[in-house]
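**Student:** Here it is, the structure, as structure tokens.
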Amino acid sequence: MEALFEKLRAAGCKVTPRRKAIIDLFLQKGGALSPQEVQGFLRETIGQCGLPGVYRNLETMTGCGILFRIVTFGGERRYALCMADDAEGHHHHIVCVSCGKVGNIVDCQYREGMNIDGFRIVSHLVQLNGLCKSCLTKKTGYEQ
């Protein structure tokens with residue numbers, strides 16, 4: 001958990017009780033959470049907590065590389081803990097569409113400045129969606 005606090009500090013952000021509670025929640029749950037779920041948890045543990053403040057904290061932690069924003073099929077905003085090792089550097093995520101489990105993808109062939117089909121890449125976002133081994137077994141009865 002201290003390494004996550006260091007990411008906040010390195011980005012010039014304070015390690016507040018609310019941010020500690022949010023990080024603890026994501027470590028406990030291990031999957032994707034909506035801002036409303038985070039708000040409910042904070043109300044139970046810390047007390048009064050407005051949704052705009054939750055969004056600000058989630059976005060701050062996303063900017064620090066602690067969390068990442070998940071794109072869902074219904075357009076709902078969800079966040080998950082980015083557990084990639086800093087040594088992995090550039091990476092993407094794969095999200096189980098059933099349980100929300102998150103994995104890391106470190107093999108990415110796209111780099112800023114590349115030209116593809118007449119386009120120069122200035123940035124990119126990649127999220128892969130699938131079924132984790134556990135959910136696949138439950139749905140099909142077969143293991144990978």
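**Student:** When the helix-only estimate is applied to the chain (DSSP H runs of n ≥ 4, each -39,500 (n - 2.57), divided by the residue count), what is the mean residue ellipticity at 222 nm, nearest 500 deg cm²/dmol?
**Tutor:** -11500 deg cm²/dmol
**Student:** In a Gaussian network model over the chain where Cα atoms closer than 10 Å are linked, find which of 118, 75, 130 has the largest mean-square fluctuation.
**Tutor:** Result: 118 has the largest fluctuation of those listed.
**Student:** So for 117, 24, 107, fewest C-beta neighbours within 10 Å to most, what's the order?
**Tutor:** 117, 107, 24
**Student:** Take a quick pass over the chain and tell me how many lysine pairs come in under 23 angstrom between Cα atoms, counting only ones 8 or more apart or on separate chains.
**Tutor:** 12
**Student:** Of (1) 25, 18, 16; (2) 27, 22, 14; (3) 21, 17, 16, which is the value of semi-axes √(5λ) of the Cα gyration tensor in Å derived from the coordinates here?
**Tutor:** Computed from the coordinates, semi-axes √(5λ) of the Cα gyration tensor in Å corresponds to (2).
**Student:** Shifting gears a bit: From the C-alpha coordinates alone, can you work out the Kirkwood hydrodynamic radius of the range 41-82, in Å?
**Tutor:** One over the average 1/r among Cα pairs gives 11.3 Å for the range 41-82.
**Student:** Related question: Between the range 63-84 and the range 43-58, how far is it from one alpha carbon centroid to the other, in angstrom?
**Tutor:** 17
**Student:** I would also like to ask the following. Determine, for 41, 5, 119, 26, the number of other Cβ atoms within 10 Å of each Cβ, and report the residues in order from fewest to most.
**Tutor:** Listed from fewest to most nearby Cβ atoms, that is 119, 5, 41, 26.
**Student:** Using the count of nearby Cβ atoms within 10 Å as a rough guide to exposure, how do 114, 1, 83, 61 rank from fewest to most?
**Tutor:** Exposure proxy ranking, most exposed first: 1, 114, 83, 61.
**Student:** Are there any GluC sites (Glu not before Pro) in the range 37-137 that are in a DSSP loop and have at most 10 other Cβ atoms within 10 Å? List them by number.
**Tutor:** 112
**Student:** While we're looking at this one, here's another question. In whole Å, how far is the Cα centre of the range 99-127 from that of the range 26-41?
**Tutor:** Taking the Cα centre of each part, the range 99-127 and the range 26-41 sit 26 Å apart.
**Student:** Please say if the range 1-83 is rounded, prolate or oblate, where rounded means a/c under 1.5 for a ≥ b ≥ c the square roots of the C-alpha gyration tensor eigenvalues, and otherwise the choice is prolate for a/b larger than b/c and oblate otherwise?
**Tutor:** Cα axes put the range 1-83 in the oblate bin.
None of the figures in this text is laboratory data; all of them are computed from the coordinates on show. All values derive from a computational prediction rather than experimental measurement. Reconstructed Cβ throughout: ideal geometry from the backbone, glycine too, with neighbour counts over all protein chains shown.
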